[in-house]
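The values are calculated or read from the model by the stated rules, or taken from the named source; none is laboratory data. Keep in mind the model is a prediction, meaning the values are calculated, not measured. A quick note on method: Cβ atoms are made from the backbone with ideal geometry, for glycine too, and the neighbour counts reach across all protein chains shown.
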Amino acid sequence: MAHCGAPLHITAKTMASPGSGSGSGGSGFILIPQLRHATLDDKPELMELIARSARELSANDYTPAQIEGALRGAFGVDSQLILDRTYFVAEADGKLVACGGWSKRRTLFGSDARSGRDEGELDPAVDAAKIRAFFVDPAYARRGLGSAILERCESEARACGFRRYEMMATLPGARLYTRYGYTGTERVHYEVQPGVTIEFIAMSKTASD
């Protein structure tokens, strides 16, 4: 699949986070570690990052059984995103500390292990780009990493002709996406193992011009 976004600039930068300012207790600017495209060689470290993120940052919203079940398919690495060059990682201190991406394909969520995947390509004229698989290392949470990757994903999707985005958000992730203009359209209960379901929120957003 052609990569229709601008080349990824592998540079650190600072950015303002939504809601920052005089009432936030700080300057409102956050240092963003280097971003780059993920590679297949990153998969083992990505799997560790995703598991660490899910187990710690989702603990207030999901039970251990829900999290462990989700890590068997609903959460994880989707190699197609890496091959399409639409999946990004943030690096700091010599390790991966955040990841996330977007997709021009119909699969809405899940790792390589999830059944029911659909790798058919979307039509930007009528379909929404998919925002996919955002995870942050707990030690680097609330430093603007998810925001930086989301900004990059939306920018590339717009460059590819998409004017809408949609996702299947986790409960903790939905709090971030709401701040960036996404609205919940439906609550979904997905079975992650026999007798155990996990709640997601289907969310969408129309791109601003």
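The residue of the range 130-151 that is farthest from E119 (Cα to Cα), among those that are assigned to a helix (DSSP H, G or I) and among the hydrophobic types (A, V, I, L, M, F, W, C), is A139.
Quick check on R132: is it closer than 22 Å to L171 by Cβ and modelled with pLDDT of 95 or more? Yes. When F134 is tested against the conditions (1) closer than 20 Å to A59 by Cβ; (2) crowded, with 18+ Cβ neighbours inside 10 Å; (3) touching a Lys or Arg at 6+ places or on another chain (Cβ under 9 Å), the lone failure is (3).
If you go through the range 152-177 and pick out every residue that is surrounded by 15 or more Cβ atoms within 10 Å (Cβ to Cβ) and outside any loop (DSSP other than H, G, I, E, B), you end up with 17.
Looking only at residues of the range 137-151 that are on the phi < 0 side of the Ramachandran plot and of a type in the set (G, A, S), we find that the one that is surrounded by the fewest Cβ atoms within 10 Å (Cβ to Cβ) is A139.
All of (1) polar (S, T, N, Q); (2) at pLDDT below 95; (3) assigned to a helix (DSSP H, G or I) hold for S115 with one exception: (3).
Candidates are the residues of the range 54-68 that are of a type outside the set (F, W, Y) and under 10 Å from V192 (Cβ atoms); the one that is farthest from the chain's Cα centre (by Cα) is A65. Take A129 and decide whether it is of a type outside the set (V, I, T), free of Cβ contacts under 8 Å to residues at least 60 places away in the same chain, under 20 Å from G76 (Cα atoms) and in contact with a Phe, Trp or Tyr (Cβ under 7 Å, 6 or more places away or on another chain). Yes: the conditions hold for A129. The residue of the range 39-62 that is surrounded by the fewest Cβ atoms within 10 Å (Cβ to Cβ), among those that are assigned to a loop (DSSP other than H, G, I, E, B) and touching a residue at least 60 places away in the same chain (Cβ under 8 Å), is N60. Within the range 183-195, residues that are under 15 Å from L171 (Cα atoms) reach partners that are assigned to a strand (DSSP E or B) and among the acidic types (D, E) with beta carbons closer than 9 Å, at six or more positions or on different chains, in the pairs T185/E166; R187/E199; V188/E199; H189/E199; Y190/E199. Per the conditions (1) buried (at least 19 other Cβ atoms within 10 Å of the Cβ); (2) in a loop (DSSP other than H, G, I, E, B); (3) among the acidic types (D, E), the sole criterion not satisfied by D127 is (1). Any residue that is of a type in the set (S, T, Y) and at pLDDT 95 or above - is there at least one of those in the range 159-174? Yes, the conditions are met somewhere in the range 159-174. Filtering the range 68-106 to residues that are surrounded by fewer than 18 Cβ atoms within 10 Å (Cβ to Cβ), farther than 15 Å from A38 by Cα and modelled with pLDDT under 95 leaves R72, D93, R106. Spot the failing condition for E91; the list is (1) outside any loop (DSSP other than H, G, I, E, B); (2) of a type outside the set (A, V, I, L, M, F, W, C); (3) without any contact (Cβ under 8 Å) to a residue 40 or more places away in the chain; (4) over 20 Å from P172 (Cα atoms), and only one is missed. Evaluating E91 over (1) outside any loop (DSSP other than H, G, I, E, B); (2) of a type outside the set (A, V, I, L, M, F, W, C); (3) without any contact (Cβ under 8 Å) to a residue 40 or more places away in the chain; (4) over 20 Å from P172 (Cα atoms) leaves (3) as the failure. The set of residues in the range 55-100 that are among the charged types (D, E, K, R) and farther than 15 Å from R132 by Cβ comprises R55, E56, D61, E68, R72, E91, D93, K95.
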